Amino acid sequence: MKAKITINTEKTISQIDERIYGSFIEHLGRAVYGGIYEPSHETADDMGFRGDVLECVKKLNVPIVRYPGGNFVSGYNWEDGTGKKELRPKKLDLAWQSIETNEVGIDEFQEWAKRVGTEIMMAVNLGTRGPDEARNIVEYCNLDIDTYYANKRKENGFEKPFGIKLWCLGNEMDGPWQICCLSAEDYAKKACETAKVMKLVDPGIELVACGSSHIYMPTFGTWEETVLRKCYEHIDYISLHNYYGNPDNDTPKYLSQSESMDRFIKTVAGICDKVKAEKNTDKTINLSFDEWNVWFHSAEQDKKIEKYTVAPPLLEDIYNFEDALVVGSLLITLINNSDRVKIACLAQLVNVIAPIMTRTGGGMWAQTIFYPYLDASIYGRGTALKTDTSCETYNTAEIPEVPYLTNACVNDGDGNLTVFAVNRSLDEEIQLDIDFEKGEKYTLYEHTQLFHNDLKAENSEEKPDEVKPENVAVTDRITLLPHSWNVLKFKKD
Ligand code: AHR
């Protein structure tokens with residue numbers, strides 16, 4: 001089939017906030033222990049961080065990592081993970097029914113973040129705890145002053161503040177699975193008061209309030225309105241979370257899921273603007289899509305995992321090739337909504353629903369979804385352009401007129417344009433025509449694709465390169481193979 005993308009470098013969506021390529025490390029399964037941290041591993045550094053994982057995360061150039069949860073944070077005492085390791089308590093983690101040794105806490109994690117060159121997005125516990133602990137951790141992390149918590153950090157060996165700018169006011173507090181979940185009214189009040197004290201401690205921080213845990217929550221919409229009405233003046237972002245999957249093995253429907261993400265984003269942005277109008281204010285609340293990914297493969301195996309052990313192999317989804325196409329199209333949607341989405345976290349980064357997998361005591365490998373994430377993080381920085389796309393469509397039971405071609409275009413401001421494109425057709429190639437308006441001349445100089453004949457092909461430690469990107473010869477015709485992820489790089493003539 002034929003398709004056409006028209007690009008005009010003056011028609012922009014937004015400067016992309018690089019934090020949309022963020023990720024997430026939770027104290028869950030083997031994300032921390034056996035993932036980023038494994039002192040006995042042959043590549044471990046002086047603090048016990050796995051060197052192979054560290055190098056791989058650096059390669060992804062992850063700009064921000066959410067920590068320490070997730071559901072975990074709603075039962076977490078942050079002080080347990082500070083100070084002398086031998087004195088740290090072993091605790092029950094009720095969220096994941098595991099044992100938390102507290103060998104890693106904020107002291108270590110901020111060091112890991114420095115070593116990989118990323119920022120931290122820190123969540124506070126609004127489940128079992130509240131404003132008091134939240135203000136104390138901001139003081140511990142961010143203040144250079146002669147007071148109790150700032151001095152504690154110094155006593156623990158960290159003279160300089162960690163300087164954590166972005167904070168989450170709890171996690172998924174609307175979810176009945178959450179430890180001490182709350183009604184919208186109760187959460188709004190708690191979040192508002194917590195926000196006030198946190199910003200009194202450090203006025204330089206930014207705050208993300210919890211939105212709905214996913215688009216199908218019964219309180220979706222009213223939750224956001226209630227929270228925004230109460231907290232508007234004290235917060236900067238509202239969160240969105242959503243996971244996608246293909247449990248019915250309906251690939252055309254699965255590949256259309258980024259359209260649903262698009263609708264979710266536009267609905268939440270609309271609610272923010274409705275409350276903005278009610279308040280008659282200039283302040284805009286932007287969006288933090290701080291949990292998104294494919295998550296469904298591990299559901300059955302997780303039911304068999306023994307409870308209350310250290311670092312059980314939970315949520316270890318092994319991703320296949322079609323999952324990578326979905327992740328690629330979700331990234332395209334985030335770029336195309338970069339006027340409102342300023343933060344997004346691929347949940348998660350290592351072992352737990354993750355692009356990077358390790359074997360405890362062994363090697364590591366890149367899952368299929370690693371590649372679109374890498375491409376977007378490296379080449380998706382700059383200004384997102386509005387593209388005008390014409391192509392054929394198909395219908396699913398949920399979404400009418402799903403375009404076979406989904407794409408985004410990013411201008412790096414230095415004469416380079418990158419087009420990210422997914423061909424959702426399972427059997428037809430797309431002959432793509434790219435037209436530059438205003439007589440601008442750009443030349444395609446590189447085309448890479450992620451393609452596999454088998455939609456269910458996976459990478460593993462034994463076969464790490466089963467699914468990996470390849471170069472496509474550049475000619476005067478652009479062909480996008482059926483079910484493929486493509487990165488097209490253009491240079492200004
Ligand atoms: O990312 C895994 C879990 O998914 C998080 O802990 C929680 O916030 C969400 O439900």
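The values are calculated or read from the model by the stated rules, or taken from the named source; none is laboratory data. Values in this document were obtained by computation on a predicted structure and should not be read as measured data. No Cβ is skipped: glycine too gets one built from the backbone with ideal geometry, and neighbour counts run over all protein chains shown. These area figures cover heavy atoms from the full protein model, side chains too; ligands, DNA and RNA do not enter into them. Shrake-Rupley method; radii C 1.70, N 1.55, O 1.52, S 1.80 Å.
Which order, highest average first, do 251-259, 163-171 follow once you tally other Cβ atoms within 10 Å for each residue and take the mean per peptide?
163-171, 251-259
So, for the chain, what is the accessible surface per residue at a probe of 1.4 Å, expressed in square angstrom?
Normalised by residue count, the accessible surface of the chain is 39 Å².
Going through the cross-link list K114/K456; K84/K160; K152/K307, which pairs have a Cα-Cα distance over 25 Å in this structure?
K114/K456; K152/K307
Please sort 108-118, 88-98 by packing, taking for each peptide the average over its residues of neighbouring beta carbons within 10 angstrom, highest first.
108-118, 88-98
Could you report the accessible area of E185 in Å², rounded to 10, computed with a 1.4 Å probe on the protein chains as they sit in the structure?
Rounded to the nearest 10, that gives 120 Å².
Restricting to bridges with both residues inside segment 1-102, how much of the DSSP beta-bridge set is antiparallel, in percent to the nearest 5?
60 percent
Apply the Karplus curve 6.51 cos²θ - 1.76 cosθ + 1.60, θ = phi - 60°, to the phi angles in segment 239-245 and return the couplings in whole Hz, x for Gly and Pro.
Listing the rounded values in order: 8, 10, 10, 6, 10, 10, x Hz.
With viscosity set to 1.567 mPa s at 4 °C, what whole-number translational diffusion coefficient in µm²/s follows for segment 291-420 from Stokes-Einstein and a Kirkwood radius over Cα pairs?
Using the Kirkwood radius from Cα pairs, D works out to 77 µm²/s.
May I ask what percent, to the nearest 5, of DSSP beta bridges between residues of the chain are antiparallel?
That works out to approximately 55 percent antiparallel.
When the Cα atoms of segment 187-231 are enclosed in a convex hull and the volume is divided per residue, what value in Å³ results?
Per residue, the Cα convex hull of segment 187-231 comes to 65 Å³.
Which value in deg cm²/dmol, rounded to the nearest 500, describes the helix-derived mean residue ellipticity at 222 nm for the chain, given -39,500 (n - 2.57) per DSSP H run of n ≥ 4 and division by the residue count?
About -8000 deg cm²/dmol.
Counting pairs of alpha carbon atoms under 8 Å apart in space and at least six apart in sequence, what relative contact order in percent does the chain give?
Answer for the chain is 20 percent.
What order do you get for 436-443, 476-483 when each peptide is scored by the mean count of other beta carbon atoms within 10 Å, highest first?
Highest-to-lowest ranking by the protection proxy: 476-483, 436-443.
So how compact is segment 214-306: Cα radius of gyration and Dmax in angstrom?
Gyration radius and largest Cα-Cα distance of segment 214-306: 16.5, 53 Å.
At a temperature of 37 °C and a viscosity of 0.692 mPa s, determine how fast the chain diffuses translationally according to Stokes-Einstein, using the Kirkwood radius over alpha-carbon pairs as Rh; express D in µm²/s, rounded to the nearest whole number.
141 µm²/s
Rounded to the nearest percent, how much of the accessible area of segment 291-357 (1.4 Å probe, protein heavy atoms only) is carbon and sulfur?
Ligands and nucleic acids excluded, carbon and sulfur reach 55 percent.
First check a/c for segment 1-150, with a ≥ b ≥ c the square roots of the eigenvalues of its C-alpha gyration tensor; if it is under 1.5, answer rounded, and if not, answer prolate when a/b is larger than b/c or oblate otherwise.
Because a/c hits 1.5 or more and a/b exceeds b/c, segment 1-150 counts as prolate.
If segment 386-493 were replaced by its equivalent ellipsoid, with semi-axes equal to the square roots of 5 times the Cα gyration tensor eigenvalues, what would those be, largest first, whole Å?
In descending order the semi-axes read 25, 20, 12 Å.
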